[in-house]
Amino acid sequence: MAGTGGPKPRYKRILLKLSGEALAGEQGYGIEPAVLERIAEEVRTVHDLGVEVAIVIGGGNIFRGLQASASGMDRASADYMGMLATVVNALALQHTLEKAALLTRVQSAIDMPAIAEPYIRRRAIRHLEKGRVVILAAGTGNPFLTSDTAAALRAVEIGAQVILKATKGDGIYSSDPLTDPAAIRLPYLTYIEVLNRGLRVMDTTAISLCMENKLPIGVFNLNTPGNLLRIVTGAPGVGSFVGASES
């Protein structure tokens with residue numbers, strides 16, 4: 001339930017994009033329970049403000065379709081395997097969110113009724129309206145599309161006001177800050193700037209879909225405690241945003 005004091009959220013409904021790699025923590029592979037618990041606490045803090053939260057999660061901590069394809073596996077088969085990895089992550093995240101007293105639903109773009117609901121847009125929206133966290137798994141259900149594209153598509157479909165992409169960095173930089181000491185954080189860019197400069201915010205299909213639907217993208221550091229709350233409430237100096245024009 002939304003609180004009566006403190007900062008107010010800028011958004012009523014958000015889509016949080018998590019990478020599968022984020023769940024692996026320092027071990028680099030699989031799922032680290034402590035990371036799940038920290039993510040659940042971050043989600044709970046914004047949910048307590050009355051924000052409706054949908055989550056799209058990748059599967060790179062378990063299987064990466066592109067890498068398998070590059071090694072000679074059929075691309076469609078590799079992508080389907082990657083989609084199944086996202087379902088594993090979604091179920092693990094659901095368990096941890098429910099331990100944090102959040103009602104959740106997992107919806108899968110690939111039919112698997114024993115463990116998840118099918119993705120149905122109107123049902124997903126109804127869950128959000130009822131205060132449930134909705135985890136959208138299995139990408140779009142189609143090969144050759146990334147979880148970034150799935151996040152953009154689902155965000156548009158459910159009427160999210162923003163995509164918040166959780167990363168290891170504190171925003172979008174002019175170049176890789178790990179290799180370029182002159183790299184600077186860019187607080188705001190347009191979609192066209194991201195595409196023209198080849199910045200790796202999301203893949204080009206996802207950026208184009210967001211641009212066509214005027215859906216802003218926020219990029220922030222998930223590893224800093226409280227950052228999801230800060231970016232949702234518009235705290236200054238947190239993350240970077242991509243939108244239609246300079247704000």
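The values are calculated or read from the model by the stated rules, or taken from the named source; none is laboratory data. Computed from a predicted structure; not experimentally measured. For the accessible areas, the whole protein counts, side chains as well, though only heavy atoms, and no ligand, DNA or RNA atoms are used. Shrake-Rupley method; radii C 1.70, N 1.55, O 1.52, S 1.80 Å.
Which of the three applies to the stretch 164-228, rounded, prolate or oblate, going by the alpha-carbon gyration tensor with a ≥ b ≥ c and a/c under 1.5 meaning rounded? Walk me through the numbers on the way to the answer.
Values: a/c = 2.26, a/b = 1.25, b/c = 1.80.
It is oblate, given that a/c is not under 1.5 and a/b is not larger than b/c.
With an 8 Å Cα cut-off and a minimum separation of 6 or more residues, compute the relative contact order for the stretch 65-128 in percent.
Working: 43 pairs, mean separation 11.1, N = 64.
Over the stretch 65-128, the number comes to 17 percent.
Assuming 1.567 mPa s and 4 °C, estimate D for the stretch 113-247 with Stokes-Einstein, Rh taken as the Kirkwood radius over Cα pairs, in µm²/s.
Working: Rh = 16.0 Å.
For these conditions, the coefficient is 81 µm²/s.
Express in % the proportion of alpha carbon pairs of the stretch 118-190 at distances exceeding 14 Å.
On the way: 1850 of 2628 pairs.
That tail contains 70 percent of the Cα-Cα pairs.
Which of Asn221, Asn196, Asn89 moves most in a GNM of the chain, Cα contacts under 10 Å?
Sorting by GNM fluctuation, first place goes to Asn196.
Give the average over all directions of the projected area of the C-alpha convex hull of the stretch 43-169, one decimal, in nm².
Values: hull surface 32.4 nm².
Mean projected area of the Cα convex hull: 8.1 nm².
Provide the descending list of Cα extents for the stretch 29-88 along its principal axes, expressed in whole angstroms.
47, 23, 15
Please give the calculated 222 nm ellipticity per residue for the chain, where each DSSP H segment of at least 4 residues contributes -39500 (n - 2.57) and the sum is spread over every residue; nearest 500 deg cm²/dmol?
Value at 222 nm, helices only: -11500 deg cm²/dmol.
Over the chain, give the accessible area per residue in Å² for a 1.4 Å probe, as an integer.
47 Å²
Provide the descending list of Cα extents for the stretch 1-108 along its principal axes, expressed in whole angstroms.
56, 25, 21
Keeping the other protein chains in place, figure out the carbon and sulfur percent of the accessible area of the chain, with a 1.4 Å probe.
Of the solvent-accessible surface of the chain, carbon and sulfur hold 55 percent.
Compute a Gaussian network model of the chain, connecting alpha carbons closer than 10 Å, and tell me which residue from Gly198, Gly131, Gly171 fluctuates the most.
The residue with the greatest mean-square fluctuation here is Gly198.
Return the inverse of the average 1/r over all pairs of distinct C-alpha atoms in the chain, which is the Kirkwood hydrodynamic radius, in Å to one decimal.
Values: mean 1/r = 0.0551 Å⁻¹.
This gives a value of 18.1 Å.
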